[in-house]
Structures are given as structure tokens and as C-alpha cells.
Amino acid sequence: DYHPYEYIDDHGDFAGIVIDRDSGDFFEWQYDDILQKTAENDVNMYVTNPRFEFWLLLHFLSRNEMNMEKILQGKTKGEEPFLEQELHRYLPGFSKASVPFEELKDKVDAAILHEKDFCEDVIGLKFNVGSNIGILISEMKKER
């Protein structure tokens, strides 16, 4: 079993990798390979499935407020992905190149809470919608 924060040294230090599980761009064997390598090297793995924008959307919406069907469908030819369209409603200046983290910082606790309604287990995130970025941020907040 792989557990977030399994790899913390006596000083509270840890190494981690943050990835998203974009469907079509990420194969199952790659996920398994990264999971194995991170475990072998005492590195924590933080994942958002289907895309990192999902974690950002959790700052504004709970599971009941999301259109899961559209989130899972991704993008159609020539259109911006649905997750990015949704983010523009809450973050009008959003772009992948320039995430307005300053506008999100007061909503982090809401995102951490909303995340708990989805998969947070790094093994389960291979196939299930969710994120464990909130676990990473919660641990970082404890260290302050």
C-alpha cells in the first residue's frame, strides 16, 4: 500500500512529485511506473485526475455543483476543455501559463474540503476522479 506522507524523514522533510492524469496523454503503464519509482525512491506522489484544472475548480465548487459528465468528456475538437471553460467563470483571467494563485489562496480550505468527496488515494487516482493535492497542502500548512 502507498500512503501519502509515508516518506517523511525525522525532520519533517519530504520529496514529492505533482502530476495530473490527462486521459489520452497518460498511459496506464506510465502511471504504474511512476508510482513504483516514487515508492522506491521515497518520493510522495500527488495526482489530480483528470487534469490539474480539476484541483483549481475545487476551490469554487463542491461535487454536487459540478457537471461530472462534461468534466470527464474532456474537450471536443477545436474547443477549450470544459474544465478551463468552467474556471473562466470564476477566474476570468485564467490561463495555463499564468494561474492566478493569489486569487485562490483564500479558497484553499474549501478546495481541501471539496477534495474529500472524491478519490484521494494515489493508487485509486489512476482510474478515479479526484486529487490528493489537498493532502500535500494540509501537510505543508502544518509545518508552518
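The values are calculated or read from the model by the stated rules, or taken from the named source; none is laboratory data. Computed from a prediction, not measured in an experiment: that's the story for all the values here. Here Cβ is always computed from backbone atoms with ideal geometry, including for glycine, and neighbour counts include all displayed protein chains. Only protein heavy atoms, including side chains, enter the accessible area calculation; ligands, DNA and RNA are left aside. Shrake-Rupley method; radii C 1.70, N 1.55, O 1.52, S 1.80 Å.
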Practice prompt. Give me the distance between the Cα centres of the range 31-69 and the range 72-144, rounded to whole Å.
Written response: 8 Å
Item to complete: Report relative contact order for the range 74-144 in percent, whole number only (criteria: Cα-Cα under 8 Å, sequence separation at least 6).
Response: 17 percent
Item to complete: Order the following by accessible area, largest value first: R51, R89, R63, R21. Probe radius 1.4 Å; ligands, DNA and RNA are ignored.
Response: R89, R63, R51, R21
Item to complete: Would you grab the residues whose amide H sits under 5 Å from the one on V47? Only those 5+ places off in sequence or on another chain, please, with H modelled 1.01 Å from N.
Response: I19, N132, I133
Discussion item. Is the C-alpha gyration tensor of the range 14-144 telling us rounded, prolate or oblate? Criteria: a/c under 1.5 is rounded; beyond that, a/b larger than b/c is prolate, otherwise oblate.
Written reply: oblate
Fill in: Anisotropy class of the range 82-144 from Cα gyration tensor, a/c 1.5 cut
oblate
Item to complete: May I ask you to evaluate 6.51 cos²θ - 1.76 cosθ + 1.60, the Karplus curve with θ = phi - 60°, for each residue of the range 38-52 and list the ³J(HN,Hα) values in order in whole Hz, giving x for glycine and proline?
Response: 5, 5, 5, 10, 6, 10, 7, 10, 10, 10, 10, 10, x, 8, 4
Worksheet, complete the sentence: Simple SL model, points at 7 angstrom along Cα→Cβ for A97 and N64; separation in nm is 4.0 nm
